[in-house]
Each structure stands twice: as structure tokens, then as C-alpha cells.
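Notes follow the structure.
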Ligand SMILES: C[S@@+](CC[C@H](N)C(=O)[O-])C[C@H]1O[C@@H](n2cnc3c(N)ncnc32)[C@H](O)[C@@H]1O
């Protein structure tokens with residue numbers, strides 16, 4: 001746990017769940033049998049992919065509010081490809097058939113990002129805390145990017161690579177960087193879209209600032225889902241994160257549903 005918090009900066013990680021999650025990431029990478037069921041694992045599911053059915057219902061409501069339900073229906077088979085690997089729990093949803101709630105959540109993230117980027121061609125994307133790569137896989141279904149960089153903890157990033165290797169269309173387009181390796185980087189430049197969904201907010205202030213200053217400030221569009229408002233420092237850390245961008249950026253902070261704030265940040269003068 002000290003390693004996760006002090007070395008890797010996962011400061012707001014819940015002690016009782018973060019340690020078992022990392023041990024499971026390691027196991028899934030080493031053991032193909034365990035990997036074949038990783039998306040229904042109890043310990044892993046406390047951090048990722050273990051969402052109950054209601055999370056899918058909330059995603060569907062949001063997709064409807066954005067008027068994208070028909071878009072979901074039209075692309076259902078493609079979206080469900082995420083669930084072919086790792087044997088996730090599937091639930092029946094009206095008009096959709098069986099699908100995993102986290103997969104619906106990732107599609108909703110695509111829907112939420114759309115108003116930020118519009119028709120802008122996002123060639124280079126960086127995602128902080130991409131988990132097993134579920135959002136990256138869905139992104140690939142809808143956007144023709146050239147490079148998608150995922151940064152995550154050392155054991156988590158290896159799991160993302162193992163999962164995404166099942167989708168050959170992504171071969172050669174995804175770059176996997178552990179946060180340990182990233183500490184040797186000066187910066188990542190010329191980024192079109194920076195994504196951090198329920199990840200940067202869980203890091204300590206120093207790590208939040210590091211990702212903002214070395215990557216997000218070199219990005220044209222920034223989408224962050226800030227999921228730590230319930231914690232004592234959640235709001236002040238979010239304001240610190242936003243303030244650090246300075247005057248060249250426009251930002252919007254939106255409370256959609258529940259307690260997660262969506263922050264849209266955009267470099268000024270980007271079409
Ligand atoms: C709650 S999960 C969210 C995962 C994914 N974005 C999603 O919404 O399903 C938090 C993620 O942050 C990752 N993480 C923790 N500390 C990190 C760090 N210092 N740098 C990058 N990622 C980190 C975890 O491994 C995990 O993948």
C-alpha cells in the first residue's frame with residue numbers, strides 16, 4: 001500500500017481494495033486461466049469492471065439525455081465486442097439485450113466527450129488510469145486515431161496490454177506507459193485529447209499536478225471525470241487542477257448525474 005500511495009501517488013486509493021486489486025492485476029497477467037474470468041473477479045471488481053446493473057441504467061439515462069440512444073442501438077454489436085474478453089457479468093437491458101454495465105459506462109464516456117471535441121480529428125490521445133483498456137477499445141470503434149497512450153500503474157498497464165491485444169485493429173496504435181516509466185519523461189507533447197476518468201482525482205496533489213503540467217497542458221482538449229467530491233480535499237484539489245491551466249484555456253465544470261463532476265477544458269482558439 002505504501003508503494004501505491006507514496007511511490008505511485010495513488011493517494012486516495014482505498015487501502016482495503018487497492019492492494020488486492022494490484023495483486024489480481026499481476027495474477028491475470030501471469031495466468032491465462034485467471035485472465036479468462038478477470039472481469040468478474042471480486043477483488044478486481046471493487047476498483048474496475050464490477051459495476052452493478054444500476055450503473056448501466058444510469059449510463060443509459062445519460063445517453064438518452066444526450067440524444068444518443070439510437071446511436072447506441074445502431075452500434076450495439078460493435079460495443080458488445082468489449083465483453084468478449086474476460087467473461088464479465090452481463091445484464092439484460094430493455095432494447096439492448098445482454099451487456100456489461102461498465103461497457104455501457106464507457107460508451108457514455110464517448111458520448112460525454114463528443115460535445116468537447118465536436119468534429120475535431122483527434123489523432124493523438126492520452127488516457128491516465130485507463131484500467132484494462134475498455135474505454136480505449138470503445139474509442140477505437142468510433143474514432144480513427146493514430147496513437148492512444150495509456151498510463152497506469154505497472155501491473156495495471158500490463159493487464160491493459162494483454163486485454164487490448166485481443167483486438168488486432170489496435171495493434172501498433174496503443175502505447176503502454178507505467179507511471180514509473182513516466183517519471184523519466186519530461187513531457188508528452190502535441191496531444192489532441194487528454195482523458196482521465198475517475199483516476200487523476202484519486203491521485204495525490206503532486207501526481208495530479210504532474211499529469212496536468214507534463215501532458216494535459218500540451219493537449220487541445222481535456223476531459224476529466226472528477227470522482228472524489230465526497231472526500232475532504234476533493235473539491236479544492238479539483239479547483240487547483242483547473243487553476244493550473246492558466247489563461248490559455250477555457251473550462252466548464254458540470255455536475256451531470258450523481259456526484260461525479262465532468263470537467264471540459266479546451267485550449268483557446270482550437271476549432
Ligand atoms: C477507479 S479506476 C478507473 C479506471 C477507468 N478510468 C474507469 O473509469 O473505469 C482508477 C484507475 O487509476 C489507476 N491509477 C492509480 N494510480 C495511478 C497513477 N499514479 N497513474 C496512473 N494511473 C493510476 C488505477 O490503476 C486504475 O486503473
| query | What about residue 217, is it farther than 30 Å from residue 26 by Cβ and surrounded by 13 or more Cβ atoms within 10 Å (Cβ to Cβ)? | reply | yes
| request: With respect to residue 239, determine if the residue is within 18 Å of the chain's Cα centre (by Cα) and either more than 29 Å from residue 28 (Cβ to Cβ) or at pLDDT 95 or above (or both). | output: no
| task | Go through the residues of the range 39-58 one by one and say whether even a single one is over 21 Å from the mean Cα position of the chain (by Cα), outside the structural domain of residue 183 (by TED's automatic domain parsing) and at pLDDT 95 or above. | result | no
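Residues are listed down the side, and each one gets a yes or a no for (1) assigned by TED's automatic domain parsing to the domain that holds residue 24; (2) free of Cβ contacts under 8 Å to residues at least 24 places away in the same chain; (3) over 23 Å from residue 25 (Cβ atoms):
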{"site": "87", "(1), (2), (3)": "yes, no, no"}
{"site": "97", "(1), (2), (3)": "yes, yes, yes"}
{"site": "139", "(1), (2), (3)": "no, no, no"}
{"site": "162", "(1), (2), (3)": "no, no, no"}
| task | Tell me, please, whether a residue that is away from the ligand (no atom under 14 Å from the Cβ) and touching a helix residue (DSSP H, G or I) at 6+ places or on another chain (Cβ under 8 Å) can be found in the range 115-128. | result | no
| Test: residue in the range 176-187 that is under 29 Å from residue 254 (Cα atoms) and more than 12 Å from the ligand (Cβ to nearest atom) | yes
| field | Residues (more than 18 Å from residue 225 (Cβ to Cβ) and in contact with a strand residue (DSSP E or B) (Cβ under 9 Å, 6 or more places away or on another chain)) located in the range 119-142 | value | 120, 121, 123, 124, 140
| message | Would you confirm whether or not the range 138-148 contains a residue that is within 11 Å of the ligand (Cβ to nearest atom) and farther than 24 Å from residue 36 by Cα? | response | no
| request: Pick out the one residue from 78, 33 that is modelled with pLDDT of 95 or more, in contact with a helix residue (DSSP H, G or I) (Cβ under 9 Å, 6 or more places away or on another chain), surrounded by fewer than 16 Cβ atoms within 10 Å (Cβ to Cβ) and over 27 Å from residue 228 (Cα atoms). | output: 78
| Do you know which residues across the range 149-169 are more than 24 Å from residue 33 (Cβ to Cβ) and either near the ligand (Cβ under 8 Å from one of its atoms) or surrounded by fewer than 24 Cβ atoms within 10 Å (Cβ to Cβ) (or both)? | 149, 151, 169
| request: Take the range 223-271 and flag every residue that is surrounded by 17 or more Cβ atoms within 10 Å (Cβ to Cβ) and part of a strand (DSSP E or B). | output: 223, 224, 225, 226, 249, 261, 262, 263, 264, 265, 266
| request: Among residues belonging to the range 88-99 that are out of contact with any strand residue (DSSP E or B) (no Cβ under 7 Å at 6 or more places or on another chain) and part of a loop (DSSP other than H, G, I, E, B), point out the one that is farthest from residue 140 (Cα to Cα). | output: 94
| query | Looking only at the range 217-232, which residues are away from the ligand (no atom under 13 Å from the Cβ) and either free of Cβ contacts under 8 Å to residues at least 12 places away in the same chain or in contact with a strand residue (DSSP E or B) (Cβ under 6 Å, 6 or more places away or on another chain) (or both)? | reply | 218, 219, 220, 221, 222, 232
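The values are calculated or read from the model by the stated rules, or taken from the named source; none is laboratory data. As the structure is a prediction and not an experimental result, all values here were calculated from the model. Neighbour counts are summed over all protein chains in view; Cβ atoms, including those assigned to glycine, are modelled from backbone coordinates with ideal geometry.
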